[in-house]
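A.B. asks: What follows is a structure written as structure tokens; I'll ask about it next.
The values are calculated or read from the model by the stated rules, or taken from the named source; none is laboratory data. In this text, all values refer to a predicted model and were calculated from it rather than measured experimentally. All Cβ positions, glycine included, derive from the backbone under ideal geometry; neighbour counts span all protein chains shown. Only protein heavy atoms, including side chains, enter the accessible area calculation; ligands, DNA and RNA are left aside. Shrake-Rupley method; radii C 1.70, N 1.55, O 1.52, S 1.80 Å.
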Amino acid sequence: MKKIVLLAFIIVSLFATEKVFVVERENSALAVIQDHKLINEIKNMHNFNHAVVKFIENDGYVITRDGYLIKFDPIKEKKIKEVKASESAIGFTLTKDYVAVANYANKNVQIFDRDLNLLQTIDTNSKNVGIKVYKNYLVFACMDSDELWVMENVGKNTPKFKLKKVIKNAGEVPFDAMINKNLYVVGFFNSPFVGVLNLDTFEYKQVPLKLEHKNIVLKVPHFGFWSIMKDKFFIPAVGDNKVFVFDKDFNYIKAIEVEGNPVFTSLSPKRKYLAVTFSGKKFPIVQIIDTNTLKIIKRFDFGGMVLHVRWSNEEPLLYISNNQKSEVLGIDTNTWKEVFKISVPKPSGIFIFRK
């Protein structure tokens, strides 16, 4: 039986087309992995301390910690263009018509075309996070003013945004957000709830989280598309050893007790498993949750410092980024055994491109 599983894994690997881009956190480079091998590095990518990579069609984009927005070719694996969006940035979003960057230091949101020409600057007087798109709306959270802003695209041929709605006193210090259909869900550092904004009606509600105690937060939990199923939301707690589970209407289901302060909750492609990573003393640990039973079924201790995980879209494979050990690992999700280990200098974020 083991031979059959291994053979199937090898056959799938031979026909794999996905390309994996890994942020080299302290090396200003983007590692390129394909067929379980390091094949290239895109260098001179500025401050990669908290870089984020996204793809649309055959274009790749990066936002760097020191505010550079970079366009690159993921097929030819080379930089195309870069612009200085701000002194510090952490989030951006893509559409077929524009790139929107949520800036920290410059306290604005900027709109670029796909070739990185600046189209519009939206002054917010705040650090900005959790930027998302819904229909012709651009939505983001203002950390300093505790507000949510909804901008409407009123441009005909060129994107142009005007303020549609502001939710004041949304919660104390928003830090990230996720979107599912018409629901914009935002988390807060200093409030014991998540905010849920209906982008069709603009109705806003605060959904309480059952936090039993507050630990020191060493690494901010991240929301994202990977925390959403058709019938469930998974939300990592801020400063508590829990992953909260809600149904699609945000009725409370359960708080899953996990080993440490969760950072990432990453869903497998078929939504069967949820991988959870942690901060602080539990940096080396990854736990796997069965999304049907909502129970922990597997625990890994990789040593070092696990900064990111990502499920393959083509193989039964979970990529693990171990920053302290300078390696990227592949775990076979049929057997939960390690199938490869690649040396990558100080890796963090893992991002997958498919033509």
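A.B. asks: Quick one: which strands (runs of 3 or more DSSP E) sit completely within segment 25-140 and have at least 2 residues that are touching a residue at least 12 places away in the same chain (Cβ under 8 Å) and open to solvent by less than 60 Å² (accessible area, probe 1.4 Å)? Break it down into steps so the answer makes sense when it comes.
C.D. replies: Details: elements: 29-34, 37-42, 52-56, 59-63, 68-73, 78-84, 89-94, 99-103, 108-112, 118-123, 128-134.
Qualifying strands (runs of 3 or more DSSP E): 29-34, 37-42, 52-56, 59-63, 68-73, 89-94, 99-103, 108-112, 118-123, 128-134.
A.B. asks: Of all residues being more than 25 Å from the chain's Cα centre (by Cα) and not basic (K, R) in segment 141-158, which is surrounded by the fewest Cβ atoms within 10 Å (Cβ to Cβ)? Just the residue, please.
C.D. replies: Residues of segment 141-158 that are more than 25 Å from the chain's Cα centre (by Cα), as a first pass: 154-158.
Now narrow it down to the ones that are not basic (K, R): 154-155, 157-158.
Working: V154: 11, G155: 16, N157: 6, T158: 12.
Result: N157.
A.B. asks: Conditions: (1) at pLDDT 85 or above; (2) more than 15 Å from D176 (Cα to Cα); (3) in contact with a strand residue (DSSP E or B) (Cβ under 8 Å, 6 or more places away or on another chain). V186 meets all but one. Number of the miss?
C.D. replies: (2)
A.B. asks: Further, regarding this structure: Would you be able to say whether some residue in segment 310-332 is on the phi > 0 side of the Ramachandran plot, hydroxyl-bearing (S, T, Y) and in contact with a strand residue (DSSP E or B) (Cβ under 8 Å, 6 or more places away or on another chain)? Step through it out loud before you land on a result.
C.D. replies: Quick first cut of segment 310-332, residues on the phi > 0 side of the Ramachandran plot only: 326.
Cutting the leftovers down to hydroxyl-bearing (S, T, Y) gives us 326.
This time we only want the ones that are in contact with a strand residue (DSSP E or B) (Cβ under 8 Å, 6 or more places away or on another chain), so: 326.
The answer is yes; a qualifying residue exists.
A.B. asks: Condition test on D66, is it acidic (D, E) and farther than 16 Å from L138 by Cβ? Break it down into steps so the answer makes sense when it comes.
C.D. replies: Values: acidic (D, E): yes; farther than 16 Å from L138 by Cβ: yes.
It is true that D66 is acidic (D, E) and farther than 16 Å from L138 by Cβ.
A.B. asks: Let me ask you something else. Within segment 15-24, which residues are open to solvent by less than 50 Å² (accessible area, probe 1.4 Å), of a type in the set (V, I, T) and outside any strand (DSSP E or B)? Steps first, answer last, please.
C.D. replies: Kept after step one, since they are open to solvent by less than 50 Å² (accessible area, probe 1.4 Å), are these residues of segment 15-24: 16, 18-24.
If we keep only those that are of a type in the set (V, I, T) as well, we get 20, 22-23.
Once the filter is applied, which keeps residues that are open to solvent by less than 50 Å² (accessible area, probe 1.4 Å), of a type in the set (V, I, T) and outside any strand (DSSP E or B), segment 15-24 yields nothing.
A.B. asks: May I pose another question? Only residues that are farther than 15 Å from D73 by Cα and modelled with pLDDT of 95 or more: list them for segment 5-27, please.
C.D. replies: Within segment 5-27, the subset farther than 15 Å from D73 by Cα is 5-17, 23-27.
The answer is V23, E24.
A.B. asks: Would you check which residues across segment 154-180 are among the charged types (D, E, K, R), under 28 Å from G239 (Cα atoms) and touching a residue at least 24 places away in the same chain (Cβ under 8 Å) and list them? Spell out how you get there, then give the answer.
C.D. replies: Just the residues of segment 154-180 that are among the charged types (D, E, K, R), to begin with: 156, 160, 162, 164-165, 168, 172, 176.
After this cut, where a residue has to be under 28 Å from G239 (Cα atoms) as well, the list is 168, 172, 176.
Within segment 154-180, E172, D176 meet the criteria.
A.B. asks: Hey, another quick one. Quickly run through segment 270-289 and pick out the residues that are in a strand (DSSP E or B) and open to solvent by 10 Å² or more (accessible area, probe 1.4 Å).
C.D. replies: Residues of segment 270-289 in a strand (DSSP E or B): 273-278, 285-289.
Correct list: Y273, Q287.
A.B. asks: Hey, among the residues in segment 162-172 that are crowded, with 17+ Cβ neighbours inside 10 Å and within 25 Å of the chain's Cα centre (by Cα), which one's nearest to P192 (Cα to Cα)? Before you say what the answer is, go through the steps one by one.
C.D. replies: Kept after step one, since they are crowded, with 17+ Cβ neighbours inside 10 Å, are these residues of segment 162-172: 164, 167, 170-171.
Restricting the remaining residues to those that are within 25 Å of the chain's Cα centre (by Cα) gives 167, 170-171.
Numbers: I167: 18, A170: 12, G171: 9 Å.
The selected residue is G171.
A.B. asks: Working carefully through the options N313, N292, N261, find the one that is touching a helix residue (DSSP H, G or I) at 6+ places or on another chain (Cβ under 9 Å), polar (S, T, N, Q) and open to solvent by 10 Å² or more (accessible area, probe 1.4 Å).
C.D. replies: Details: N313 fails: touching a helix residue (DSSP H, G or I) at 6+ places or on another chain (Cβ under 9 Å); N292 fails: touching a helix residue (DSSP H, G or I) at 6+ places or on another chain (Cβ under 9 Å).
Exactly one residue qualifies, and that residue is N261.
A.B. asks: If a residue must be assigned to a strand (DSSP E or B), open to solvent by less than 50 Å² (accessible area, probe 1.4 Å) and either hydroxyl-bearing (S, T, Y) or closer than 18 Å to V196 by Cβ (or both), how many such residues does segment 230-258 contain?
C.D. replies: So the answer is 11.
A.B. asks: Moving on to the next point. Which residues, counting only those in segment 213-247, are at pLDDT below 85, at negative phi and touching an Asp or Glu at 6+ places or on another chain (Cβ under 9 Å)?
C.D. replies: H213, K214, N215, V220, P221, H222, F223, D240
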